[in-house]
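Below: the structure, in structure tokens.
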Amino acid sequence: MAEKLVIIGSGPAGWTCAIYAARANLNPVVYEGAISEDNRLLGTLPLGQLNLTTEVENFPGFPEGIMGPDLMIRMRQQAERFGTRIMTEDIESVDVTRRPFVLKDTAGTTIESHALVIATGASANYLGLDSESKYKNFGVSACAVCDGALPRFRNKPLIVVGGGDSACEEGSYLTKFASVVHLVHRRDTLNRASPIMARRLLDNPKVKPHWNSAVEEVLGETVQAHGGAVLSMNGVRVRNLTTNETKTIEAAGMFVAIGHTPNTRFLGRQVETDSKGFLVLKDPHRTTTSVEGVFAAGDVADPIYRQAITAAGMGCKAALDAERWLAAKGVH
Ligand code: NAP
């Protein structure tokens with residue numbers, strides 16, 4: 001028998017959707033993703049991007065902060081408490097041309113569902129350096145709003161890589177905490193960014209641009225902290241792409257802001273996306289997509305805010321949208 005609602009994705013959007021849907025007796029199934037080496041490399045393991053971060057200080061309800069993985073485990077437990085069924089597999093393909101929709105998972109199981117919520121998130125793009133991977137969470141981050149205020153970055157020189165709105169936003173945000181923000185960009189202008197955001201960044205006296213430059217290596221050391229030896233980044237080596245000269249910039253952190261890639265490949269272009277691959281929401285304030293009965297929530301459909309709390313809010317909306325749509329169809 002077909003499910004009423006399958007939710008694909010296990011970040012804040014997926015779990016919030018599941019909590020609301022389960023409490024509304026939709027008996028939802030969450031596909032949280034498979035625990036596989038491929039997913040580890042892609043940053044798409046269960047529990048999403050928050051499971052890859054350290055402390056979360058801006059999620060309401062946790063005045064002392066909470067570790068990202070703890071927050072996600074709590075959301076998962078809350079969804080389970082109301083009867084959500086959880087599958088630790090990826091959805092490999094969907095067919096939304098048929099009703100009910102037909103999904104295939106990585107265990108080879110075929111599932112049918114009347115409604116679908118896509119909450120598969122987006123993966124931050126990284127430069128792809130081995131040294132960058134090594135210092136992830138030890139100075140390297142792709143989210144200034146998540147990590148910028150951590151003590152390790154306070155009053156220290158920091159680096160932002162990129163030249164679009166994200167780099168401008170992250171760089172401007174980091175000036176609140178950093179002693180200096182080094183902007184490393186491979187061009188000599190911020191022509192991808194909106195002029196107002198570019199101006200705000202470059203007008204800030206704490207910002208030092210390094211034009212026509214690429215990070216070649218992240219540098220660091222092992223330090224004693226919290227009673228043990230931990231990695232700690234302390235700078236980067238950059239190459240000037242015009243002169244070919246290299247130099248070292250000392251910094252306690254490097255924030256990579258070179259775009260995100262929404263996780264939509266399994267949809268096979270059956271649901272409309274924008275030019276960057278984000279799912280397009282069709283109605284103002286709603287989570288409706290180009291396919292009736294398919295709803296989207298969280299970073300997979302959000303090129304702008306990309307916060308845990310906004311994703312959770314969208315997950316709630318998707319559950320309510322799905323419930324109302326199913327009721328209108330006489331399924332619920
Ligand atoms: P983006 O506009 O695609 O810009 C990415 C930047 O990273 C570009 O400057 C690009 O350089 C650089 N880059 C890409 N790959 C690189 C690599 N491998 N090495 C070094 N540099 C690399 O991405 P975004 O800044 O994340 O913005 C995405 C969308 O979100 C945009 O539509 C933006 O307007 C929106 N956004 C809006 C806000 C806001 O309004 N508050 C905030 C953030 C984002 P090149 O120019 O050389 O390609």
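Of the accessible area of the chain, with the probe set at 1.4 angstrom, what percent is carbon plus sulfur?
Carbon and sulfur atoms account for 50 percent of the accessible area of the chain.
Please give the net charge around GLY139, taking every other residue with its beta carbon less than 11 angstrom from that of GLY139, where Lys and Arg add +1 and Asp and Glu add -1. Could you put the intermediate results ahead of the total?
Values: positive: LYS134, LYS136, ARG152, LYS156; negative: GLU132, ASP147, GLU221.
Neighbour charge sum, excluding GLY139 itself: +1.
On a full-extension model of 0.36 nm per residue, what is the gain between SER290 and THR222, subtracting their alpha-carbon distance, rounded to one decimal in nm? Write down the numbers at each step before the final one.
On the way: separation 68, 0.36 × 68 = 24.48 nm, distance 5.02 nm.
Gain in length upon complete extension: 19.5 nm.
Given H placed 1.01 Å from N in the peptide plane, which residues other than close sequence neighbours of VAL140 have an amide H under 5 Å from its amide H?
Sorted by chain and number, the residues that satisfy this are MET254.
For LEU241, enumerate residues with amide H under 5 Å from its amide H, sequence gap 5+ or separate chain, H modeled in the peptide plane.
Hits under the 5 Å cutoff: SER213, ALA214.
Can you pull the accessible area of MET197 for me, 1.4 Å probe, Å² to the nearest 10?
Roughly 40 Å² of MET197 is accessible to a 1.4 Å probe.
Place the peptides 53-65, 292-304, 261-273, 18-30 in order of packing, highest mean first, counting for every residue the other Cβ atoms within 10 Å and averaging per peptide. Please list the in-between numbers first.
On the way: 53-65: 13.4, 292-304: 25.0, 261-273: 17.5, 18-30: 22.6.
Descending packing order for the listed peptides: 292-304, 18-30, 261-273, 53-65.
List the lysines whose alpha-carbon lies under 16 Å from that of LYS156, not counting same-chain residues fewer than 8 positions away?
Counting by Cα, and skipping residues close in sequence, LYS156 has these lysines nearby: LYS176, LYS206, LYS208.
List the Cys residues of the chain that have no partner Cys with a C-beta closer than 4.7 Å.
That list is CYS17, CYS168, CYS316.
Quick one: 3J(HN,Hα) in Hz for the range 50-63, Karplus 6.51/-1.76/1.60 with θ = phi - 60°, rounded, Gly and Pro as x.
So the J values, rounded to whole Hz, are 5, 5, 9, 9, 9, 7, 10, 9, 10, 8, x, x, 10, x.
What does the charge count near HIS182 come to, summing +1 for each Lys or Arg and -1 for each Asp or Glu among other residues with Cβ under 12 Å from its Cβ? Kindly include the intermediate steps, with their values, before the conclusion.
Values: positive: LYS156, LYS206, LYS208, LYS247; negative: GLU250.
That sum, taken over residues with Cβ under 12 Å, equals +3.
Please work out the average accessible area per residue across the chain, using the 1.4 Å probe convention, and give it in Å². Intermediate values should be presented prior to the final figure.
Working: 16160 Å² over 332 residues.
Spelled out: the 1.4 Å probe surface of the chain, per residue, equals 49 Å².
If the reach is capped at under 24 angstrom between alpha carbons, list the lysines near LYS4, excluding any in the same chain fewer than eight residues apart.
Correct list for LYS4: LYS104, LYS282, LYS317, LYS329.
Take peptides 205-215, 114-124 and line them up by average Cβ neighbours within 10 Å, highest first, as a rough protection proxy.
Values: 205-215: 17.5, 114-124: 26.6.
Ranking, from highest mean packing down: 114-124, 205-215.
Could you tell me how far the Cα centroid of the range 272-298 sits from the Cα centroid of the range 176-248, in Å?
Value for the Cα centre distance between the two parts: 35 Å.
Running Debye on the chain with equal point scatterers at the Cα sites and no solvent, what base-10 log of I(q)/I(0) appears at q = 0.13 Å⁻¹?
-0.96
Based on DSSP H runs of at least 4 residues, each adding -39500 (n - 2.57), what is the mean residue ellipticity at 222 nm of the chain after dividing by all its residues, to the nearest 500 deg cm²/dmol?
Details: 8 runs with 80 residues, N = 332.
Estimated from H runs of four or more residues: -7000 deg cm²/dmol.
What helices does the chain have that are whole DSSP H segments, at least 27 Å long along their own axis by Cα, and with mean Kyte-Doolittle hydropathy of 0.5 or more?
Span-like helices in the chain: 308-328.
Residues with beta-carbon under 10 Å from that of ALA107, excluding ALA107: net charge, scoring Lys, Arg +1 and Asp, Glu -1?
Values: positive: LYS104; negative: GLU89, ASP90, GLU92, ASP105.
Spelling it out: positives minus negatives among the neighbours equals -3.
The values are calculated or read from the model by the stated rules, or taken from the named source; none is laboratory data. Because the structure is a prediction, the values reported are computed rather than measured. So basically every Cβ, Gly included, is an ideal-geometry build from the backbone, and we count neighbours across all protein chains shown. Each accessible area value is taken on the protein alone, full model and side chains, heavy atoms only, with ligands, DNA and RNA left out. Shrake-Rupley method; radii C 1.70, N 1.55, O 1.52, S 1.80 Å.
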